[in-house]
Structure formats: structure tokens, C-alpha cells
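The values are calculated or read from the model by the stated rules, or taken from the named source; none is laboratory data. Note that the coordinates shown come from a computational prediction; the quantities given were computed from them, not determined experimentally. Cβ sites come from the backbone with ideal geometry, for glycine too, and all protein chains shown count toward neighbours.
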Amino acid sequence: MAIAELWALEMVLAAFAGGAFGAAIGALPSFTLAGLVVVIGELYGLVRRTTDVGFAAVDLTGAVGLGVVFGPHVAFGGGAAAVAYAAKHEPLDFDSEYHPAKDVTRGLGSAPDVLFVGGVFGIFGYWVATLAGTLGLPTDPVALAVVVSALAHRLVFGYSLIGTVPDRLMDMSPFERGEPRHSAQTDGGHVDSEHTSDTGRFAVEPWLPYQYRWADVVGLGAVVGIFAAYIAYLTGSAFLAFGLSVVALVYINAGTPKIPVTHHMSLPASTAVLAAVGSPLGSLTPTAVANALPLSEALLLGAVFGALGGFFGEVTQRIFYAHADTHLDPPAASIVVTSFVIGVLALVGVFPGSAWVPLP
């Protein structure tokens with residue numbers, strides 16, 4: 001993309017609509033729809049690359065699923081900002097010990113002010129991703145925009161950047177003990193009025209109460225990484241496993257308990273495999289992947305980068321989510337780090353290519 005596209009009226013309007021759409025139906029539901037589009041787009045691209053059928057060259061993944069309107073930097077970022085705004089201005093029915101501004105599963109309907117906030121942050125996310133991609137920053141522009149957008153909405157709406165941090169930043173044991181927030185901040189047995197809005201909240205709020213132990217997330221990452229590497233090896237697609245991981249989030253929206261979140265594990269795993277192949281993604285076939293890389297090496301790469309994705313997701317949730325009041329997406333932050341690692345490895349010659357990760 002060129003810098004001029006930052007100000008293209010049609011793109012700005014589309015980004016506004018995407019952010020407002022994310023606010024209306026909810027950040028996570030909008031992302032699930034994006035995952036569905038990515039799966040369809042990757043299967044469509046696979047058929048085009050491997051058959052003689054004359055299908056039109058339509059980039060459903062890049063232009064729609066991860067582009068303006070559905071892209072998480074637009075719709076998810078807009079939805080997350082909108083719920084942070086709404087939590088400041090109206091009571092939200094949220095049956096949880098977490099801050100209501102973290103509830104990215106909820107839709108916010110048609111209130112004009114909420115849609116406006118979502119739209120504005122949709123534009124902001126589009127600008128950040130476009131600028132990062134144009135400058136060739138060696139990381140995922142979309143994930144970077146999701147993270148920057150979350151930090152921005154915290155500043156704009158008066159939330160702390162990382163929240164009230166205890167003495168041990170990475171310690172989740174207060175959650176395991178069920179400690180309430182600010183339980184020690186009392187005066188003569190009465191809770192300090194400055195913190196009454198935190199009544200009922202946990203002292204520490206891990207992003208996923210069932211997915212935060214170090215061994216668990218690293219082990220899950222390795223397993224998901226092997227799964228993603230195998231799919232990438234068979235299809236030549238860097239995004240199919242990612243899309244499947246995102247589609248699985250529909251079960252979280254449906255209230256199914258203990259559904260793991262894995263797209264920050266599957267994406268770096270499949271990307272690392274194809275970066276090790278080095279061929280352009282647009283022309284990459286399963287045969288080319290198999291000729292360039294043994295399956296055993298692909299699966300090992302997938303396990304390593306999947307585990308890294310799980311590890312960095314947990315690091316970022318403990319720093320930027322567990323003590324804060326709004327949703328800063330740990331998977332997006334993890335993808336920023338792992339895609340940067342892949343980009344750097346390509347720049348120094350360890351990988352012959354970077355797959356889809358931009359390079360300067």
C-alpha cells in the first residue's frame with residue numbers, strides 16, 4: 001500500500017463502516033466472521049494454484065478477511081474501543097468478576113455514539129496497518145494495529161495503559177487464591193471510595209482463566225504448531241490453519257467452556273514453514289513445499305514457533321491484560337513478536353524468505 005491510501009476517501013469510509021460494524025456485533029464475533037472469510041479465501045486460492053480451472057484472481061484473505069471492513073485492525077479494534085467507551089458511559093450487564101470493558105464477545109447494537117467510536121477506531125487501525133506495511137516494518141501490520149489501537153483507546157477514554165500493577169507483575173497466584181481487587185486498600189474497615197468501582201473484581205484477571213499456566217500454553221502451542229505446520233505443508237497456505245483457529249472462536253461466543261484460543265500459535269507456525277521454503281506465496285504449491293522441505297523439519301519448525309506463540313501470548317497477557325481494565329489482545333501482541341522474529345530471521349539469512357511478513 002502507498003501512503004496516499006491513508007487519505008483515500010473510499011478506504012476511509014470503508015474502514016469507518018468496518019469499525020462501526022465491529023462495535024455493533026461485537027469485536028470477537030466480527031473476528032470470527034473474518035476467520036471464516038480467510039478459510040474460504042485460502043481454499044479458493046489453493047484451487048487456483050493447483051488446478052487449471054480459470055478462476056478469477058480474487059484475494060479474499062488479504063482484501064476482505066484481513067483487509068478493510070473485516071480485518072481485525074478495523075472491526076475488532078473498533079469493537080474493543082467501543083465497549084471500552086460504553087463501559088465508561090452506561091452500565092453494561094456483565095456477569096463476570098472482570099471489568100465490563102473487557103467483554104469483547106458482546107455486541108453493542110445501534111447506538112449512534114457507540115457506532116461512531118467504533119468507526120473512528122476502525123479508521124485509526126486502518127491507518128496504522130497501512131503505514132506499517134508501507135514502511136516495511138518486519139512484523140504483522142494488522143496485529144500491530146490491533147495492539148496500537150488498544151493502547152490508544154485506553155489513553156483516549158482515561159484508562160491506565162497497564163492497570164494497577166502489584167509487586168509481582170507476572171504473578172497470577174492472586175487469581176488462583178480468589179483475591180479481590182484492592183482488598184487491602186481500606187480505611188478503618190471501610191473500602192476506599194476511590195476503588196469502589198472495582199468491587200467484585202479479582203485482584204488479577206488472566207485473559208483466559210483456563211489457559212494461563214506456562215507449561216499449558218507452551219505445550220498447547222507446540223501441538224497447535226504441528227497441526228498448523230502440517231496444514232501449511234499440505235496446502236502451501238500460511239493462513240488456512242490460522243483461519244480455522246479463528247473460526248473455532250465461535251464456540252467461545254456460544255458459551256462453550258474451556259475453548260482454547262490458538263490463532264497466535266497456528267499463524268507463526270505455518271508462516272515459519274513457508275518462510276523456510278522461500279518461494280512467493282502466490283505461486284506456492286504443495287509440491288513446491290514438499291520439494292523444498294522435509295515434513296519432519298516442517299513439523300519441528302511448527303512446534304517451535306507454535307510454542308513461541310503460546311509463550312509470548314502469555315507474557316503479553318500478564319503485562320498488558322491481567323491488571324488492566326480494557327481488552328488489549330494477547331494473541332495480536334504475540335503475533336507482533338513472532339512475526340518480527342520471522343522477519344529478522346529472513347533479513348539475516350536464516351530463512352530464505354519471510355512468507356507474508358513485510359521486509360524493509
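Structural remarks
- Of E97, E5, all but one fail to be touching a strand residue (DSSP E or B) at 6+ places or on another chain (Cβ under 6 Å) and either modelled with pLDDT of 95 or more or not aromatic (F, W, Y) (or both); the exception is E97.
- In the stretch 168-190, the residue that is farthest from the chain's Cα centre (by Cα) out of those that are modelled with pLDDT under 70 and surrounded by fewer than 14 Cβ atoms within 10 Å (Cβ to Cβ) is G188.
- Lone unmet requirement of (1) more than 23 Å from I162 (Cα to Cα); (2) buried (at least 24 other Cβ atoms within 10 Å of the Cβ) for G313: (1)
- Scan of the stretch 256-289 for residues that are over 18 Å from L28 (Cα atoms), hydrophobic (A, V, I, L, M, F, W, C) and either at pLDDT 95 or above or in contact with a Pro (Cβ under 8 Å, 6 or more places away or on another chain) (or both), ordered by number: A269, A272, V273, L274, A275, A276, V277, V289
- When the residues of the stretch 226-247 are filtered to those that are within 14 Å of the chain's Cα centre (by Cα) and among the small types (G, A, S), the one that is surrounded by the fewest Cβ atoms within 10 Å (Cβ to Cβ) is S245.
- Applying the criterion of being free of Cβ contacts under 8 Å to residues at least 60 places away in the same chain and assigned to a helix (DSSP H, G or I) to the residues of the stretch 101-123, the residue that is farthest from G158 (Cα to Cα) is P112.
- Looking only at the stretch 259-287, and only at residues there that are assigned to a loop (DSSP other than H, G, I, E, B) and among the aliphatic types (A, V, I, L, M), the one that is surrounded by the most Cβ atoms within 10 Å (Cβ to Cβ): L284
- Residues satisfying the stated conditions in the stretch 44-58, i.e. outside any loop (DSSP other than H, G, I, E, B), touching a helix residue (DSSP H, G or I) at 6+ places or on another chain (Cβ under 8 Å) and not small (G, A, S): Y44, L46, R49, T50
- Residue, farthest from the chain's Cα centre (by Cα), within the stretch 130-159, restricted to residues that are over 17 Å from W207 (Cβ atoms) and in a loop (DSSP other than H, G, I, E, B): G158
- Scanning the stretch 81-100 for residues that are in a helix (DSSP H, G or I) and either closer than 13 Å to H153 by Cβ or aliphatic (A, V, I, L, M) (or both) yields A81, A82, V83, A84, Y85, A86, A87, K88.
- When residues of the stretch 288-299 are limited to those that are without any contact (Cβ under 8 Å) to a residue 12 or more places away in the chain and either of a type in the set (K, R) or assigned to a helix (DSSP H, G or I) (or both), the one surrounded by the most Cβ atoms within 10 Å (Cβ to Cβ): N291
- Scanning the stretch 59-70 for residues being assigned to a helix (DSSP H, G or I) and either touching a residue at least 60 places away in the same chain (Cβ under 8 Å) or over 27 Å from the mean Cα position of the chain (by Cα) (or both) gives a total of 2.
- Condition met for V117 (under 15 Å from H327 (Cβ atoms) and modelled with pLDDT of 95 or more): yes
- Where a residue in the stretch 139-167 is at pLDDT 95 or above and its partner, wherever it lies, is assigned to a loop (DSSP other than H, G, I, E, B) and of a type in the set (D, E, K, R), with Cβ under 6 Å and at least six apart: V146/D329; Y159/D325
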